Amino acid sequence: MPQTHEEILTTFRQELFAEDILHEGDSIGTDDETLLRFLRARNYDLRQSKVMFKNCQEWRKTVEGVGIDQLYKDIDPFDASINISAGSYGLLERYPEREAVFDCWPMWFHKTDKKGRPLNIHFFGGMDLPKLYQTCTPEKHWQTVLVNAESLAREVLPAAARAAGKEIGTTLVIVDLQGFGIRQFWQMKSLARSSFQISQDYYPETMGQLAIVNAPTSFTAIWAMIRPWLSAETAAKVDILGSNYKNVLLDLVDAENLPSSLGGECTCEEAGGCHLSGVGPWLDGRVGWGPKAEREREVGAEVKQEMEADKEFGKERVLGDEKAEVKEVGVVEMDKGVEVVA
């Protein structure tokens, strides 16, 4: 009798632990949803799924010579973060290139769709890699691509699941090609191909659907080059739309959650626009990035200065008290041993 998916999952977990491939506390996760992603990617073939998982674990330990865990510490995907611990205040900026990367490679997470899946929005028409590489090295940019991919599995999807009160294992990707042309494609071709490969090999089954909007007529030729990079399963999730995409997106996303630039009602005015807010449950406890992060950095710097001033004031007060005690003791001794002349 063939095993059920539940039985295969149980066996998969047992064998991963028994063969020293998976351990409690591994950052890849030991939850059912994580393991199921690898099983789905290999059609529940236990042997192939195990090979895929083992390769992923090895990649996570060695990528960029430091491993994904260290890379994630070195580059905060949400830019600045404020840490208050052990009674001390520290402002931590791990990702100073973040805004330059966003400006020239616009990508952000924004709220969720009707299924609770996070929106992952890319504006390829605004891409300008030559400009980016004046500020950020290609190597550092690639590392940020890796960290953003990791952030989806590590923070964004779990946060979306907590907010929805159910398992959320995939994202709705929206790629806006307004203004995109052959020039940008040749700039990004190698990087895009590598990104697709990373996603398919090490973050399988995290893309639930890909909607490509504002596709120009030239995209037919571009798609012919991109299609061979994708697995049949991934390609089946792609919808290529022209300029009449609004109703399609609104079938997937509530208007209040969809940016106005894509036909919705959300503007994130306070943050300066949806593309600068990164709003969603994954920002709970995080500063964010863009103008919001900059304001938080400024506030953090002011608080830090105030705390340093308080420390200095405390030192002066202590020193002042000590001087006062010396002076008072001196007067007492003088009163005891010396006649005070009026």
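The values are calculated or read from the model by the stated rules, or taken from the named source; none is laboratory data. What you see is a predicted model, and the numbers here were worked out from it, not measured in a lab. Heads up, the Cβs are rebuilt from the backbone with ideal geometry, glycines too, and the neighbour counts pull from every protein chain shown.
Tallying residues that are in a loop (DSSP other than H, G, I, E, B) and either within 23 Å of the chain's Cα centre (by Cα) or in contact (Cβ under 8 Å) with a residue 60 or more places away in the chain (or both) within the stretch 206-252 yields 3. Using the structure shown, decide if R193 is under 30 Å from E155 (Cα atoms) and at pLDDT below 95. Yes, satisfied. A search for C-beta distances below 7 Å between a residue of the stretch 278-294 that is in the same structural domain as A160 (by TED's automatic domain parsing) and any residue that is among the hydroxyl-bearing types (S, T, Y) and modelled with pLDDT of 85 or more, counting only pairs 6+ apart in sequence or on different chains, returns G280/T112. Within the stretch 161-178, is there a residue that is touching a Pro at 6+ places or on another chain (Cβ under 7 Å), outside any loop (DSSP other than H, G, I, E, B), crowded, with 16+ Cβ neighbours inside 10 Å and of a type in the set (G, A, S)? So far as the stretch 161-178 goes, yes, one or more of its residues are touching a Pro at 6+ places or on another chain (Cβ under 7 Å), outside any loop (DSSP other than H, G, I, E, B), crowded, with 16+ Cβ neighbours inside 10 Å and of a type in the set (G, A, S).
None of Q143, Q134 is without any contact (Cβ under 8 Å) to a residue 60 or more places away in the chain and either within 18 Å of the chain's Cα centre (by Cα) or surrounded by fewer than 17 Cβ atoms within 10 Å (Cβ to Cβ) (or both) except Q134. Among the residues of the stretch 15-41, the ones that are surrounded by 11 or more Cβ atoms within 10 Å (Cβ to Cβ) and out of contact with any Lys or Arg (no Cβ under 9 Å at 6 or more places or on another chain) come to 10 in all. Of the residues D103, D113, the single one that is within 20 Å of the chain's Cα centre (by Cα), at pLDDT 95 or above, of a type outside the set (K, R) and in the same structural domain as Y202 (by TED's automatic domain parsing) is D113. Among the residues of this structure, S261 does not count as one that is farther than 15 Å from L119 by Cα and part of a helix (DSSP H, G or I). Examine the stretch 166-173 for a residue that is touching a residue at least 60 places away in the same chain (Cβ under 8 Å), touching a strand residue (DSSP E or B) at 6+ places or on another chain (Cβ under 9 Å) and not β-branched (V, I, T), and state whether such a residue exists. Scanning the stretch 166-173 turns up at least one residue that is touching a residue at least 60 places away in the same chain (Cβ under 8 Å), touching a strand residue (DSSP E or B) at 6+ places or on another chain (Cβ under 9 Å) and not β-branched (V, I, T).
Residues in the stretch 186-194: is at least one surrounded by 15 or more Cβ atoms within 10 Å (Cβ to Cβ) and either among the aromatic types (F, W, Y) or over 30 Å from W59 (Cα atoms) (or both)? Checked against the condition, which is being surrounded by 15 or more Cβ atoms within 10 Å (Cβ to Cβ) and either among the aromatic types (F, W, Y) or over 30 Å from W59 (Cα atoms) (or both), the stretch 186-194 yields no hits at all. Taken as a whole, the stretch 112-119 holds at least one residue that is assigned to a loop (DSSP other than H, G, I, E, B), touching a strand residue (DSSP E or B) at 6+ places or on another chain (Cβ under 8 Å) and surrounded by fewer than 20 Cβ atoms within 10 Å (Cβ to Cβ).
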